[in-house]
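Enquirer: Below is a structure I'd like to ask you about.
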Amino acid sequence: MRNERSTCAPARAVETRDETRPANTRDAWPFVATHLCSLAPLLFILALVANAHAQTSRTPRNARTKPATATAAPLVPEETLIRIMRAEDERRWDIDDLGALFSDPSAAVRERAVLAAGRIGDPRAVPSIVPVMQNDRDVSVRAMAAFALGEIEAVRDATALIPATRLPTPDAVRARAVEALGKIAAALPRDDKVSAKLFGDAITSALTFERARRPAPSREVILLGLTAALRARPADAGKVVALYLNYPDARVRADAANTISRLRSKDANEQLRAVLSSDADGVARANAARALGSAEDKSAFDLLLDHAVNDRDERARVSSLRALAQLRDARAADALLKRGEAFFAEYKSEKLSGGAAHPSSLNEMLEIIAALGRVLANTSDNRTLTLLRAVRETEGYVDPETEIAFARIAPAQYMREKPFANLYLRATENKLAWQAISAIAQGLAEVGSMSSEHAGNSLVTVQADAQIALRAILSDHATPALALPDVLRAVAAFKPLDADTLMREQLLHSDDVIVRATAAELLGNESPGVETTRALAAALPRAMRDEMNDAALAVLEALAKQKDEDAAAAIRSALESPDYLLRVRAATLLHSLNPGEGAEERIQTAATRYHVADYRRALARRNSRVQAIITTDKGPFTIELLPEDAPLNVDNFVELARRGFFNGIAFHRVVPNFVIQGGDPRGDGNGGPGYQIRCEINEVPYDRGAVGMALSGKDTGGSQWFVTHSPQPHLDGGYTVFGRVTQGMEVVDKIARGDRIRTVTVTEMPKRR
């Protein structure tokens with residue numbers, strides 16, 4: 001999530017009860033004895049169900065459902081944990097080391113060891129994990145083994161998960177088995193239709209069974225099954241998921257709508273309209289609106305417009321706005337304009353009164369502007385352009401939403417408006433912030449993607465003017481490097497004949513690692529050629545010496561697309577890199593070019609930056625309550641950090657906070673009804689602390705207020721983190737959750753792009769016994 005375009009519940013105590021024989025046992029016994037043979041099959045089934053119920057009475061430690069009573073989970077001995085954590089850091093699967101802990105007398109140790117195997121991700125661990133899932137005497141260990149299989153995403157022995165999705169398997173294990181099948185199915189090669197159908201059928205079967213199950217369907221199986229369906233995308237999944245849109249549990253309804261939205265299914269429009277119209281839960285309404293937009297349900301127009309303007313929950317309003325944008329119906333314009341003008345008046349009033357530099361009204365106002373850009377495309381609507389001009393000048397042209405909307409609505413006019421009078425000559429003569437140049441470049445890129453159908457006869461002239469502006473920016477040595485990635489993407493959108501020459505120039509001569517990474521990525525999209533291969537091969541050694549590996553990874557990907565021996569030879573040189581991620585990526589790419597090559601290098605261990613003292617410091621917090629108070633321009637909010645679930649991610653955050661790393665850093669990314677994201681010292685979504693830390697994927701779900709580590713790929717965390725506005729189940733098991741907001745979510749909801757972190761104060765107190 002790093003530059004993208006709930007609580008942990010303790011284990012439930014097992015309830016036991018001393019049963020006594022009923023008073024009429026003697027009278028009943030002759031009847032039972034006489035009919036025992038005929039009742040035997042029924043008694044056997046009842047025994048299976050009772051056994052399953054007994055096994056599921058113990059809820060896994062991180063279950064979504066909070067248990068009625070709780071006992072503290074036993075701690076894994078520190079020395080054992082250090083052994084496990086070092087294996088994770090080194091990405092080292094060893095059956096005689098980590099695998100030996102699978103049979104440890106302590107269930108806590110076994111559970112932690114199989115989680116480590118899943119985090120390491122070595123497919124060779126799968127044959128050792130499967131028997132743990134099938135046979136371990138502890139339900140939590142079996143459930144964790146299923147979770148680990150999903151993290152490894154290996155097809156090998158994955159069919160063992162299918163029986164685990166059915167009764168009499170305990171519900172906790174069934175839930176994680178269904179989840180694992182969804183992850184594995186999502187990672188399948190496109191041509192593996194057989195496995196995709198097998199795993200997809202198992203997921204939909206589990207969901208169908210739970211919907212009809214009486215008297216107590218498993219909430220955990222349902223929720224993880226809904227997420228598995230959106231990952232696996234099985235045939236007819238929409239019809240099965242639609243069965244849950246009228247479920248009594250609001251979270252289930254919301255997740256069902258979320259899944260249908262991501263499936264882009266048209267199987268449930270009538271039920272979705274009912275949810276949006278009358279559901280009491282704001283997230284359910286928001287997800288229903290999003291699903292109607294994904295399905296492009298034109299009959300929902302009036303309903304969506306009503307909720308975009310009048311819904312009491314901002315999340316539902318925002319999702320309805322985005323759905324209207326997908327419908328592209330100009331009838332929405334008048335109501336949206338009135339709403340946008342009202343937000344702008346509120347915004348100006350707050351700014352003029354000395355209030356926040358980035359008023360909270362900015363978030364929804366930009367969503368309205370983005371929707372207007374879609375519904376009024378190529379209309380040159382004067383009233384809308386008046387609003388856009390006012391917002392651009394007040395904001396200093398820094399909002400991509402406004403630039404893109406203006407370019408869509410009036411492309412010819414866009415090129416005649418400020419600041420383009422001088423932009424043809426020198427971008428910096430306008431004294432624009434780098435964010436403004438980046439946003440303007442995104443507006444120009446929109447012009448590049450237009451056809452004559454959208455822009456009419458003036459398209460050739462408009463696109464020529466846009467390219468002149470872009471080349472002026474690109475040739476200006478004073479243009480900030482932070483803006484250049486978007487400028488390069490905008491240039492590429494016009495598909496100029498010299499695109500490869502322009503990108504090679506940036507690749508070989510830019511001092512900025514992200515500029516070089518962008519140039520490599522765009523070169524990879526061009527037709528293969530000898531000059532491109534040479535430039536990429538020449539750029540790789542420097543990229544492998546960068547503090548950040550973004551450029552090196554991008555160069556490797558682009559080299560693989562050249563598909564010649566010189567490119568392969570360059571990729572092989574990365575197998576000697578001290579950077580584990582580069583070695584693994586090079587090995588994977590070589591294997592894709594020449595099946596069989598690269599497998600040996602892929603299993604090399606990683607060099608860890610941690611020492612025993614670091615592990616001990618991180619693990620010492622298991623007995624503490626660790627909180628971080630984030631003071632922002634909009635006020636404070638409190639994060640409870642989760643050192644037991646993600647000790648090294650918590651330790652990293654605490655150490656950065658205590659040295660003042662986050663102070664003054666802006667929230668560079670705010671997506672209403674999704675996340676706020678900060679912690680980037682560059683400010684463009686690509687920065688970090690100068691090192692990377694590994695993921696500590698865990699079972700903590702991305703509920704509202706979850707705090708996660710932002711990534712640009714596995715094990716690429718550093719200093720960027722995000723907070724979720726609403727549940728985001730598709731992030732579960734993909735990004736490390738290392739905290740949750742316990743106070744001040746109303747502050748999180750008010751944060752706008754550009755608001756800054758003033759201070760982060762961390763406190764550690766012993767847990768109450």
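Enquirer: Of the numbered conditions (1) more than 15 Å from Asp334 (Cα to Cα); (2) touching a Leu at 6+ places or on another chain (Cβ under 7 Å), Arg383 fails exactly one; give the number of that condition.
Expert: (1)
Enquirer: If you scan the range 240-254, which residues turn out to be open to solvent by 70 Å² or more (accessible area, probe 1.4 Å) and either part of a helix (DSSP H, G or I) or of a type in the set (Gly, Ala, Ser) (or both)?
Expert: Answer for the range 240-254, where residues must be open to solvent by 70 Å² or more (accessible area, probe 1.4 Å) and either part of a helix (DSSP H, G or I) or of a type in the set (Gly, Ala, Ser) (or both): just Leu243.
Enquirer: Within 15 Å of the chain's Cα centre (by Cα) and either at pLDDT below 95 or surrounded by fewer than 18 Cβ atoms within 10 Å (Cβ to Cβ) (or both): is that true of Gly683 in this structure?
Expert: Spelling it out, it is not the case that Gly683 is within 15 Å of the chain's Cα centre (by Cα) and either at pLDDT below 95 or surrounded by fewer than 18 Cβ atoms within 10 Å (Cβ to Cβ) (or both).
Enquirer: Next question. Please determine, by comparing only the residues of the range 173-199 that are small (Gly, Ala, Ser) and buried (at least 24 other Cβ atoms within 10 Å of the Cβ), which one is nearest to Ala229 (Cα to Cα).
Expert: The extreme case among them is Gly182.
Enquirer: Is it the case that Pro595 is over 28 Å from Asn698 (Cα atoms) and over 25 Å from the mean Cα position of the chain (by Cα)?
Expert: The answer is yes for Pro595.
Enquirer: Further question: Do we have Asp334 as closer than 30 Å to Ala257 by Cβ, open to solvent by less than 60 Å² (accessible area, probe 1.4 Å) and either among the β-branched types (Val, Ile, Thr) or out of contact with any strand residue (DSSP E or B) (no Cβ under 9 Å at 6 or more places or on another chain) (or both) here?
Expert: no
Enquirer: Follow-up. Are there any pairs with C-beta distances below 6 angstrom linking a residue in the range 124-143 that is open to solvent by less than 10 Å² (accessible area, probe 1.4 Å) to a residue that is basic (Lys, Arg) and assigned to a helix (DSSP H, G or I), with the two at least 6 apart or on different chains, and if so which?
Expert: Between residues of the range 124-143 that are open to solvent by less than 10 Å² (accessible area, probe 1.4 Å) and residues that are basic (Lys, Arg) and assigned to a helix (DSSP H, G or I), the close pairs are Met133/Arg142; Val141/Arg110; Ala143/Arg176.
Enquirer: Counting only residues that are in a loop (DSSP other than H, G, I, E, B) and not hydrophobic (A, V, I, L, M, F, W, C), which one in the range 473-506 is surrounded by the most Cβ atoms within 10 Å (Cβ to Cβ)?
Expert: Looking at the filtered set, the residue picked out is Thr479.
Enquirer: Conditions: (1) within 17 Å of Tyr691 (Cβ to Cβ); (2) exposed (fewer than 15 other Cβ atoms within 10 Å of the Cβ). Pro595 meets all but one. Number of the miss?
Expert: (1)
Enquirer: Mind telling me which of the residues Phe661, Phe667 ends up being within 30 Å of Ser361 (Cα to Cα) and in contact with a Ser or Thr (Cβ under 7 Å, 6 or more places away or on another chain)?
Expert: After applying the criteria, what remains is Phe661.
Enquirer: Among the residues of the range 73-94, how many are part of a loop (DSSP other than H, G, I, E, B) and within 32 Å of the chain's Cα centre (by Cα)?
Expert: 9
Enquirer: Cβ contacts < 7 Å: first residue under 20 Å from Ser360 (Cβ atoms) and outside any helix (DSSP H, G or I), restricted to the range 302-320; second residue modelled with pLDDT of 95 or more and among the basic types (Lys, Arg), any location; separation 6+ or different chain. Result?
Expert: Asp311/Arg285; Asp311/Arg317; Asp313/Arg285
Enquirer: Based on this model, can you work out whether Val555 counts as touching a Pro at 6+ places or on another chain (Cβ under 9 Å) and part of a helix (DSSP H, G or I)?
Expert: So Val555 fails the test.
Enquirer: For the range 200-225, how many residues are of a type in the set (Gly, Ala, Ser) and open to solvent by 30 Å² or more (accessible area, probe 1.4 Å)?
Expert: Residues meeting the conditions: 3.
Enquirer: Same structure, new question: Please find, within the range 428-456, the residue that is modelled with the lowest pLDDT out of those that are open to solvent by 30 Å² or more (accessible area, probe 1.4 Å), of a type in the set (S, T, N, Q) and under 24 Å from Thr479 (Cα atoms).
Expert: Among them, the one singled out is Thr428.
Enquirer: I need the full set of residues from the range 388-408 which are open to solvent by less than 20 Å² (accessible area, probe 1.4 Å) and either assigned to a loop (DSSP other than H, G, I, E, B) or out of contact with any Asp or Glu (no Cβ under 6 Å at 6 or more places or on another chain) (or both), in order please.
Expert: Once the filter is applied, which keeps residues that are open to solvent by less than 20 Å² (accessible area, probe 1.4 Å) and either assigned to a loop (DSSP other than H, G, I, E, B) or out of contact with any Asp or Glu (no Cβ under 6 Å at 6 or more places or on another chain) (or both), the range 388-408 yields Leu388, Val391, Arg392, Asp399, Thr402, Glu403, Ala405, Phe406.
Enquirer: Right, something else. Examine the range 311-331 for a residue that is within 26 Å of Ala390 (Cα to Cα) and acidic (Asp, Glu), and state whether such a residue exists.
Expert: Looking for residues that are within 26 Å of Ala390 (Cα to Cα) and acidic (Asp, Glu), one finds at least one in the range 311-331, hence yes.
Enquirer: Tell me which helices (runs of 4 or more DSSP H) are completely within the range 104-209 and hold 1 or more residues being among the basic types (Lys, Arg) and touching a Gly at 6+ places or on another chain (Cβ under 8 Å), or say none if there are none.
Expert: Those helices (runs of 4 or more DSSP H) span 171-186.
Enquirer: Given Ala323, Ala295, Ala268, Ala257, which one is open to solvent by less than 20 Å² (accessible area, probe 1.4 Å), at pLDDT 95 or above, farther than 15 Å from Ile369 by Cα and within 21 Å of the chain's Cα centre (by Cα)?
Expert: Going through Ala323, Ala295, Ala268, Ala257 in turn, the sole match is Ala257.
Enquirer: While we're looking at this one, here's another question. Can you list the strands (runs of 3 or more DSSP E) lying wholly within the range 660-769 that have 1 or more residues being within 30 Å of Ala113 (Cα to Cα) and small (Gly, Ala, Ser)?
Expert: Per the criteria, 706-709, 737-743.
Enquirer: Let me ask another. I need a count of the residues in the range 521-536 that are buried (at least 22 other Cβ atoms within 10 Å of the Cβ) and either aromatic (Phe, Trp, Tyr) or outside any helix (DSSP H, G or I) (or both).
Expert: Total satisfying the criteria: 0.
Enquirer: Read through the list (1) out of contact with any Pro (no Cβ under 9 Å at 6 or more places or on another chain); (2) of a type in the set (S, T, N, Q); (3) more than 20 Å from Asn673 (Cα to Cα), then give the number of the only condition that Gln326 fails.
Expert: For Gln326, the exception is condition (3).
Enquirer: Taking the stated definitions as given, is Leu590 part of a helix (DSSP H, G or I) and in contact with a Lys or Arg (Cβ under 6 Å, 6 or more places away or on another chain)?
Expert: The answer is no for Leu590.
Enquirer: List every residue pair whose Cβ atoms sit under 7 Å apart, with the two residues 6 or more apart in sequence or on different chains, where the first one lies in the range 215-240 and is farther than 16 Å from Lys183 by Cα and the second, anywhere, is buried (at least 24 other Cβ atoms within 10 Å of the Cβ) and β-branched (Val, Ile, Thr).
Expert: Gly238/Ile260
The values are calculated or read from the model by the stated rules, or taken from the named source; none is laboratory data. All figures in this text were calculated on a predicted structure; none of them were measured in a lab. Reconstructed Cβ throughout: ideal geometry from the backbone, glycine too, with neighbour counts over all protein chains shown. Just so you know, the surface numbers come from the protein's heavy atoms only, side chains and all, with ligands and any DNA or RNA stripped out. Shrake-Rupley method; radii C 1.70, N 1.55, O 1.52, S 1.80 Å.
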